[in-house]
Each structure stands twice: as C-alpha cells, then as structure tokens.
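> Please read through the structure below; I'll follow up with questions.
The values are calculated or read from the model by the stated rules, or taken from the named source; none is laboratory data. In this text the structure is predicted, and so the values were computed from the model without any measurement. Here Cβ is always computed from backbone atoms with ideal geometry, including for glycine, and neighbour counts include all displayed protein chains.
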Amino acid sequence: MTDRFAKSRSLFERAQNSIAGGINSGIRKMEQPVPLYFARGSGSRLWDVDGNECIDFQTGQGALLFGHAPEGMAEAISAQVRLGTHWAAQSELEIDVAERLQAMIPSVERVRFNNSATEVVLSALRLARGLTGKPLVLKFEGHYHGWSDEGLVGFAPPPDKWGTEEEPTRLHPSKGVIPEVLDQFVVARWNDPEHLRRRVDQYRGRIAAIIFEPALCNTSCIEPAPGLLSTIRELCDREGALMIADETITGFRFGPSGAQGYYDFSPDLTIFGKAIGGGVPFAALGGRTRIFEPIIRGEVVHAGTLNANPLCLSASRWCLDQILALGKEHPTGLQCLGNKLMEGLERLAHEYAIPLHPQGPGLVFHTAMLKPGAAPGPIRDYRDCVQRHDAPRWAHLRRCLLEHGVRAIERGLWFMNLTLTEADIETTLTRATAAFAQHAAEWKA
C-alpha cells in the first residue's frame, strides 16, 4: 500500500536529529499518522510535501481568517520589507493599527503591542495586579491563555486530579513551573454563574481580574450560558477587579468588534492574537485608558525588542482593513457557510450511524464524538467534554478525513476562513462522505 505521507514521514525522522522532539510546538505531535510538512497554501487549500491537497479547516490554529497566502497581505509585507523590517523605534504604522482598533472596538481606548498572545496575557495579568494591588486571578477550567506558567493553570487536568466541583484544581500540565504561581489563581467551572459567585465570594477582596475566553474554543466549542458574561461584569465591578476577555480566537472572527460585540459585553482589557496578524507573529492588548495608567506612568513594565515591528504591523493593518471593508456582511456570510458545513456533517453522521455532533456558532465549531452510552445534547464545560467526547474514535475519523482531503484540528475544532465558498463547502461534504464511509467500515471500538 502506498504511503500518502512518505515525504512528511522522512522529514519528521530527519528532524529528530536537529529539532527537539522533531517539532516546534508540542501540540503538533498529535497529528496522525505523522506531523505533516507543507509546501504551500492558497486561499482555503493546502498542499503538503507529498503533493496531497486538502481543504484546510485548521487554518494555522485559527490565525488565518483571511486564508493562506492572501495576495494583498503578501504585497503589504513585501513593500515593508524593502523599507525595513525592524527599527526598535516608532513608526506611523503602529498609530494606524491602534486607531483602527479604537474605531472597531468600543472598549479599546488605548493599546500596546506584542508578538504573541501568550505575551499579551502576561502583560494583562501583570497590569491587573499592578493596578488593583490584589494578588489573585480567577480563570475557568479548560480555558487556554497561552503556554506560560500563568496561562496554563487549570487548563486540562486529568479526571483523577480535577478536584471537587466546588474547588477545581489549580494544576499545571507542565513540569518546571514556579510552584508559587499556582497559588495566585482561583479556578472556576465554566457556564455556572452561581458557582462563579461562590468562588468570588470565597476570595472576596483579593481578586485582581477574571480572565476568560468569551466562547470556549480550546476545549470543545462552548458558548457562554445566558447570564454568564453579565455575571462576570457584575462581579468585577463589585470587587474592583478587571474583566479580561481573551479574544485570541474570537477577535475579528466574530465580527469587527469581536465576541464582545457579538455577545454584547464590555470588558476592561482585551487580548488580541491570531487573526489580528493573519499568520505573522503579532498580538495586542487593548482597553480603557484608566486601566493603562500604571503602564503609562512606568509603574508596570511593558517592553519588548520586537514590539510593534513594522513588518508585522504592515500585515495587521492589511488584515484590519479587510474586516472594515466587509462592514455588516461580516460575520453573517462566514457564519452561514459554517452552519451549512455543520448541518452537512451532522447529516452524514446520522447516515453512517456515527455519534458525531457539531457544536458552536458556525464561525468556529467542534465535532464531539460521543462515547458509547454518553448522553446526547450540547457539551456544557470542560469536564463534560472529557466525560463524553471519544477522542480515540474522533482521531480515527479525523485521519480518514485527512486522507480524503479535509483537514480539521486534532482536538476536533474547525475554523472557517473568509476565502471559503459555497463550492468549497460542497466539496468538503463530498470528500467527507467518503471519509465517513471509510470510518464506519474500519472503526472497531
């Protein structure tokens, strides 16, 4: 039998001799049958080094809202390269990008730039503690805020270390973390406003910030329950804590004003990553002027050699201009395509008796593969996902999809992008039909 991924396999073996573990981000090892090596991309399509073409719903882990290799971005970056890539100083570009963010998002009165959302999270949490003088940050179980010591507290604990429902664990998935960092966090379960109230009451007067993904996209794809976001706002106001929205994934994907416009809430600080740079290393922290005062006065340090480098700013300006040009068309058009794909996948799942259930707002969604005997219905939170999602069976279906030219994320997430068309969705479902048939024939529990 011909190995469709022979060159990727060979390159991965070669990489073991020079790159630690053969990859440069741990999550990439999850890809089966082998971490793939790609040669080029265009719009919604990717071609690997073996010449296999796929419709890509991984889209750079959600960063490529504008698709692969958009011509306008290439021209913007190319023009800037000829002028200079890095000056460690100011440029008009950074004002251009900042002013666009102000115009698009009502809660953004001031901004600071970094090179990754992980850095921005660290900046936001430092700023929250510096402004409020309080030590603790409340985050939600299963929410991802970068791979730092602070960002991964309570992210994906195994079931035997969950803690109780009232006292979720502060466990960090990595060794080498400064132990005292864990003590600076309070972890709450997602989508339970009354539980959240009890957690905040338990640490009353000590919480500097509540940080969250407005729609949980790093564990399944779980939208906020009614009243949850307003409860976070109420509790932050009561406690003098900052409401920090991590819109690394939802920013600009959910519309020009992000998830905060889509769900109608107003945070104190917002973290932007991924789509703000369209695939270049760029991120931003935005928020109210009064919140930034400690940074403005130099009391809270925010720095970085490559912050606001003109190369990345040129890409970001182009990205934001595309969103502005779409106006009220976005996110409606993208959401309609996503909903059509979700409906088609659910129809195929029913046809082939596969317990697969798409869930999410269409702009991004998750395909939950239910375990035998698992109750039907939407996934509610991190623990519910772990208890009901059949990860091994999904991995098999995901590999079948890949072999038929459809690429989803290993954990079951699908990202839509603005280059997708009705024809792309029809082609995806045609390819998925063959993949579902293969999975139904091969899968043995």
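> Would you please list the contacts, defined by Cβ atoms under 8 Å and residues six or more apart or on different chains, that run from a residue in the stretch 154-171 that is hydroxyl-bearing (Ser, Thr, Tyr) to a residue that is buried (at least 16 other Cβ atoms within 10 Å of the Cβ) and not in a loop (DSSP other than H, G, I, E, B)?
From residues that are hydroxyl-bearing (Ser, Thr, Tyr), the pairs are Thr169/Val187.
> What's the number of the only condition in (1) over 19 Å from the mean Cα position of the chain (by Cα); (2) more than 21 Å from Thr332 (Cα to Cα) that Ile244 fails to meet?
(1)
> Right, another one. How many residues does the stretch 134-184 contain that are touching a Ser or Thr at 6+ places or on another chain (Cβ under 7 Å) and either of a type outside the set (Gly, Ala, Ser) or not assigned by TED's automatic domain parsing to the domain that holds Thr231 (or both)?
The total comes to 5.
> Among Val364, Val386, which is crowded, with 20+ Cβ neighbours inside 10 Å, in contact (Cβ under 8 Å) with a residue 24 or more places away in the chain and under 29 Å from Phe140 (Cβ atoms)?
Result: Val364 is the single residue among Val364, Val386 that is crowded, with 20+ Cβ neighbours inside 10 Å, in contact (Cβ under 8 Å) with a residue 24 or more places away in the chain and under 29 Å from Phe140 (Cβ atoms).
> In the stretch 194-216, what count of residues is obtained for those that are touching a Leu at 6+ places or on another chain (Cβ under 8 Å) and crowded, with 18+ Cβ neighbours inside 10 Å?
9
> What pairs can you find where one residue is in the stretch 134-149 and of a type in the set (Val, Ile, Thr), the other is not in a loop (DSSP other than H, G, I, E, B), and their Cβ atoms are less than 7 Å apart, with a gap of 6+ or different chains?
Within 7 Å, the pairs are Val137/Leu125; Val137/Ala128; Val137/Phe185; Val137/Ala208; Val137/Ala209; Val137/Ile211.
Let's see how each residue does on (1) modelled with pLDDT under 95; (2) buried (at least 24 other Cβ atoms within 10 Å of the Cβ):
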{"site": "Asn218", "(1), (2)": "yes, no"}
{"site": "Cys221", "(1), (2)": "no, yes"}
{"site": "Cys236", "(1), (2)": "no, no"}
{"site": "Ala241", "(1), (2)": "no, yes"}
{"site": "Thr248", "(1), (2)": "no, yes"}
{"site": "Arg253", "(1), (2)": "no, yes"}
{"site": "Gly258", "(1), (2)": "no, yes"}
{"site": "Thr270", "(1), (2)": "no, yes"}
{"site": "Thr289", "(1), (2)": "no, no"}
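> I'd like to verify a number: residues in the stretch 1-51 that are within 24 Å of Leu418 (Cβ to Cβ) and either not hydrophobic (A, V, I, L, M, F, W, C) or not assigned by TED's automatic domain parsing to the domain that holds Phe415 (or both), how many?
So the count comes out to 7.
> Go through the stretch 228-240 and report how many residues are touching a Ser or Thr at 6+ places or on another chain (Cβ under 8 Å) and more than 16 Å from Ala188 (Cα to Cα).
Result for the stretch 228-240: 1.
> Also, I was wondering about something else. Can you work out which of the residues in the stretch 153-167 that are among the hydrophobic types (A, V, I, L, M, F, W, C) and surrounded by 20 or more Cβ atoms within 10 Å (Cβ to Cβ) is farthest from the chain's Cα centre (by Cα)?
Filtering first and then ranking leaves Val153.
> I'd like to verify a number: residues in the stretch 331-361 that are in contact (Cβ under 8 Å) with a residue 60 or more places away in the chain and more than 19 Å from the chain's Cα centre (by Cα), how many?
Residues meeting the conditions: 11.
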